[in-house]
Amino acid sequence: MTILQVLYMIEVTRHRSISKAAEALLVSQPALSLQIKHLEEELGYPLFHRTTQGVSLTKAGTVFYESALPVAESWDRLQSEMKLLGNAACKSMRIAVGARAMSNGLFEAVLAFFEKHQETEVSFVTDLGENPLEALVQNKIDLAIDRMPLDSMISYPEQFSVIELLRERQCILLSPDDPRASCPELPFQTIHGNAIVSGPRNSWDDEIMNLSCQKFGIRVSRVYRADNIDAVMTLIRSGKGAALGPRSFGRRYGVAAVPMLPETEVALNLICLKKNRKHPLLRPLEQFLKTYITQNFTDCE
C-alpha cells in the first residue's frame, strides 16, 4: 500500500466516479483504475461497488475511507512542514534597491510582496555608493533591483542573471528654476561647460556620467558629489549642477526631468548570480513585480 493509492482512493470516494477523480487528479483514468485495483488486491477485499452510474463504497471501503482521512491530513501537514524546511534558504534575503526602484514606486511593491512572506527576514541596502554587482559576487547581498552598468564596466557578465522589469527614458535633471527646465527635450550636449552632480567617485552613476561625457566630447566645469540620493537631488534643486536620471526622479524629488536626446531608455532589472537563480523566492517575486507593473505603470517616463 502506498500513500498515493490512499490519496487516490479518497479522491474517487469524494467524486463517486473514477473518471471525475482522474480528471481532478490530472492522471489518466486507466492509471487511476490500476492503482485502485492494486490496492484492493493487496487488501484482499473490494473498496467500491462499480455501476454504470459511478462507484459507491462497500462496507469495508467505508471503514477504509474513514481510517484513511486522518492519514491524508497528516500527509498534508508533513508536506507543508518539509516545504518550510526546504525553504530554509529563503528565511532571510538581502536586497540592494537602486534609486530608480525607490522613485517609481516599485519599492512599495517589493514591500507588499514580503508582507505575504513574513517568514522571510528581508534586509534592504540603499547605499548610493555600493556597487551591486560586486556586492553580489562578495555575497553581501542576494539580489539587486537596479539598472545595469555599461557593458564595459562589467568584468564577468556571464555570471549574472538579469531579468528586465521595466524601461524608463533617460532625462537630464535640472533645477526647476533653470531656464532649460521648460524645454520638451534637451540634447545631452546641453550640459557642456556646466557643473554636474554625481554619486561618490567610481560609483555607477559617476562612471556612467564620465563615459557619457567622453562619448560626446563634453567637458564640465565642476563635479559635486554626494553619497546618497537625497543629497544629490538637493544639490540639483539648488541649481548646483545637472545629472541624468528617469522622469520619476523629477516627480519624487521635485527636480526638472527633461527627456534627453538622443533618446535613451534604461532598464530596471532584477539581478542575481546565475548560481542563485533557483532561489525559492526569486521566481515568485519576479511574477509579483511584473503583475504589479502591468496593473500600475501606464507609462514609465
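So the values come out like this:
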{"quantity": "Farthest toward positive dipole pole in the range 3-86 [+1 Lys/Arg, -1 Asp/Glu at C-beta], among Val63, Ile3, Ala21", "calculated": "Ala21"}
{"quantity": "Normalised convex hull volume, the range 117-174, alpha-carbon set, Å³ per residue", "calculated": "156"}
{"quantity": "Choice from Leu43, Leu150, Leu78 showing the highest fluctuation, given a GNM over the chain with Cα pairs closer than 10 Å", "calculated": "Leu43"}
{"quantity": "Burial ordering of Ile3, Ile236, fewest other beta-carbon atoms within 10 Å first", "calculated": "Ile3, Ile236"}
{"quantity": "Paired Rg and Dmax values of the chain, which use every Cα atom, in angstrom", "calculated": "29.4, 93"}
{"quantity": "Ratio of the Cα radius of gyration of the range 108-218 to 2.2 N^0.38 Å, where N counts its residues", "calculated": "1.33"}
{"quantity": "Rounded to whole Å, sorted largest first: equivalent-ellipsoid semi-axes of the range 3-86, Cα gyration tensor", "calculated": "24, 15, 11"}
{"quantity": "Contour minus Cα-Cα distance for Glu115 and Ala24 (0.36 nm per residue)", "calculated": "29.6 nm"}
{"quantity": "Among Arg225, Arg277, Arg77: highest mean-square fluctuation, GNM of the chain, C-alpha pairs under 10 Å", "calculated": "Arg77"}
{"quantity": "Length gained when the stretch Glu185-Arg201 is fully extended (0.36 nm per residue, less Cα-Cα span)", "calculated": "2.9 nm"}
{"quantity": "Förster radius 41 Å - calculated FRET efficiency between Gln79 and Tyr224, Cβ distance, rounded to 0.05", "calculated": "0.10"}
{"quantity": "DSSP-defined beta bridges in the chain - what % are antiparallel, rounded to 5", "calculated": "60"}
{"quantity": "Most mobile listed residue (Arg180, Arg251, Arg16) in the chain, GNM with C-alpha springs under 10 Å", "calculated": "Arg16"}
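Every number in this text was worked out from the coordinates using simple rules, so none of it is lab data. Keep in mind the model is a prediction, meaning the values are calculated, not measured. Neighbour counts run over all protein chains shown; Cβ positions are idealised from the backbone, glycine included.
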